[in-house]
Amino acid sequence: MNDNLHTLRCFGCGARSSGTEARPDFRCAACGDLFEVEYAGWSQRQGHDRPNPGALKWLWRERRASCEALDQSGVWRFRELLPILDNFGNAVTLREGNTPLYLLKRVSKSLGIDQLYAKHQGMNPTGSFKDTGMTAALSVARERGFEWVACASTGNTSAAMAAYAARAGMRSLVLIPEGKIAWGKLSQAMDYGAVTCQLKTDFDGCVRVLTQTVKQAPIYLLNSVNPYRLEGQKTPAFEIAEAFDWNVPDHLIVPGGNLANSSALGKGFKELRELGLVARLPRVSVIQAEGANPLVRSFAKSNGAVFEPVEAHTRATAIRIGNPASWRKAARVIQDTGGWCIDVSETEIAIAKAEIGTEGLGCEPASAVTLAGLKKLRAEGKVASSDIVVLVLTGHTLKDAEYTIGFHSGTLLTEQETVGREREVEALRRNAVVVEASPDAVLDVLKASAQ
Ligand code: F0G
């Protein structure tokens, strides 16, 4: 039996091709835009290939009790909605997905929102949401017989790719901007055996170099221009819908970098609605850092119709991206769901990250833009107290320990960045103090902290 039911459709001109015909850079030969995966059989209402909602909900729940590797994956558990492989037995999985959805008790209280949740994608095997996309696209690479895979990355994609390639017995090539990624992420690529090149450029420069490289060598490109990445990355939408008993939350808030994640989650919710698994879509809002906000500018100028790259600067290195590949897809998701696209400052990101820390969860700086953005949207009256809101936390707090230590030791933000917010920052800071090795000294610290 062949499990493969997909075709590729150009997001720009609508041209269709089979998966095996795609160019190495995954750009449409006619118009240069990106492809998305399409399942033609789903639109035939009574068709043989159209999934049955009731049966699927039951099957997916049953699989949670299974000992099979494929069923234990939070991506492949939903495999009926990502039939991209000839044989699901070729899937390479680290048991990704099935990540927790946490209620944010303190933050929801301070914001006056009854139900605020964090979907913590940092709880994936390599510590970021990238694992869900990587299991999908790397499995395609393996099935098609590639030996080498490659990506340009701000760190998390490379960590995920290196891990999955190692599991599959494949070789991986990583291009990262020199000195601009968090150490935790670089260490992962090394640990999992990738060939790692630090290029003297930024992320956007790494993408340009890799796009040329894959045209000259038989290397399978695993950046998110690869449409199969998005098929894996859409599955948290299924998990979220399932967690709310197939009623979607009112609002999903996602960080925006290369803009694949927001595109993928939007695709996931749209497919659930198309197949009759949910009745409506959540709003999907995308939050960028002020210094890396090309989509925010595009919405301000033209409601997401026209796009100009920027030179990106932010301490949230994961989203230091000025020319995001999937901007058009993300813009469509925001427009179709009635979401917003806004940016937040470095100070707002740092404060929000520390607040998520106080919930006992933590996340990396790029993930914290979601809470910083929610605070702004709430202040502007765009989020009601009765709205059910889900923040997508994309990376684990240990990915960028240097940032966290910088915040708590007071070296992260400049004086200028803290002006007017000194008390807020001070209340969140928990520096590690050096004390004499005696109980009295420790008790003194305890007393001072209790005040
Ligand atoms: N959050 C984290 C932790 C990320 O690593 C990224 C992207 C994003 C958010 C933004 O997601 O690009 O889909 O809009 N990191 C990429 C990388 C670019 O190379 O690891 P996006």
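The values are calculated or read from the model by the stated rules, or taken from the named source; none is laboratory data. From a predicted model like this one, the values you see are computed outputs, not experimental measurements. All Cβ positions, glycine included, derive from the backbone under ideal geometry; neighbour counts span all protein chains shown. To get the accessible areas, we keep the full protein, side chains included, count just its heavy atoms, and leave off ligands, DNA and RNA. Shrake-Rupley method; radii C 1.70, N 1.55, O 1.52, S 1.80 Å.
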## Note on the structure
DSSP beta bridges in the chain: the antiparallel percent, rounded to 5, is 25
### Message
As I understand it, the value is the acute angle between the Cα axis of helix 439-450 and the longest principal axis of the Cα atoms of the chain; what does it come to in degrees, rounded to 10?
### Response
80
### Summary
Placing each pseudo-label 7 Å from Cα in the direction of the beta carbon, Ala379 and Asp444 end up separated by a distance in nanometres of 4.0
### Query
Where Rh is the Kirkwood radius over the Cα pairs of the stretch 44-149, the temperature 10 °C and the viscosity 1.306 mPa s, what D in µm²/s does Stokes-Einstein return?
100
### Task
For the stretch 286-374, just the Cα set please: Rg and Dmax, both in angstrom.
13.1, 41
### Query
Considering every Cα-Cα pair within the stretch 162-294, what fraction, in whole percent, is farther apart than 18 Å?
65
### Message
Solvent-accessible area of Arg61, probe 1.4 Å, all protein chains present, reported in Å² to the nearest ten, please.
### Response
140
### Query
Taking R0 as 56 Å, what's the FRET efficiency between Thr7 and His408 from their Cβ-Cβ distance, rounded to 0.05?
0.65
### Task
Sort largest first and round to whole Å: the equivalent ellipsoid semi-axes of the chain, each the square root of five times a Cα gyration tensor eigenvalue.
35, 25, 22
### Task
Would you calculate the separation in nanometres between label points at Glu424 and Asp86, each defined as 7 Å from the Cα along the Cα-to-beta-carbon direction?
5.6
#### Entry: Loop GluC sites (Glu not before Pro), the stretch 56-138 (other Cβ atoms within 10 Å of the site Cβ: 12 or fewer; DSSP)
Glu68
### Message
Over 16 Å apart: what share of the alpha carbon pairs of the stretch 254-305 falls there, rounded to a whole percent?
### Response
49
### Query
Pairs Lys109/Lys267; Lys109/Lys447; Lys109/Lys185; Lys270/Lys353; Lys180/Lys399: which exceed 23 Å Cα-Cα?
Lys109/Lys267; Lys109/Lys447; Lys109/Lys185; Lys270/Lys353
### Task
Could you check how much of the accessible area of the stretch 320-373 is carbon and sulfur, as a whole percent, using a 1.4 Å probe?
38
### Query
Ignoring ligands, DNA and RNA, how do His396, His313, His6, His251 rank by accessible area with a 1.4 Å probe, largest first?
His313, His396, His6, His251
### Query
Expressed as an acute angle from 0 to 90° and rounded to the nearest 10, what is the orientation of the C-alpha long axis of helix 260-274 relative to the principal long axis of the chain?
60
### Summary
In whole percent, the fraction of accessible protein surface over the stretch 1-106 that belongs to carbon or sulfur atoms, probe radius 1.4 Å, stands at 47
#### Entry: P(r) tail fraction, the stretch 333-448 - alpha-carbon pairs more than 22 Å apart, %
45
### Query
Under the Kirkwood approximation applied to all pairs of distinct alpha-carbon atoms, what is the hydrodynamic radius of the stretch 127-236 in Å?
13.4
### Message
With viscosity set to 0.890 mPa s at 25 °C, what whole-number translational diffusion coefficient in µm²/s follows for the stretch 357-416 from Stokes-Einstein and a Kirkwood radius over Cα pairs?
### Response
187
### Query
So, in nm, how far is label Arg23 from label Thr196 when the simple model puts each one 7 Å beyond its Cα toward the Cβ?
3.2
### Query
What angle, in degrees between 0 and 90 and rounded to the nearest 10, separates the Cα long axis of helix 203-216 from the longest principal axis of the Cα atoms of the chain?
30
### Query
If one computes the Cα centroid of the stretch 270-343 and of the stretch 152-189, what distance in Å separates the two points?
25
### Message
How much accessible area per residue does the stretch 62-198 have, counting only protein heavy atoms and a probe of 1.4 Å, in square angstrom?
### Response
37
### Task
Working with all protein chains in place, sort Ser187, Ser17 by solvent-accessible area computed with a 1.4 Å probe, largest first.
Ser187, Ser17
### Query
Convex hull over the Cα atoms of the stretch 47-94, averaged projected area in nm²?
3.7
### Task
Return the ratio Rg/(2.2 N^0.38 Å) for the stretch 108-156, where Rg is computed over Cα atoms only.
1.75
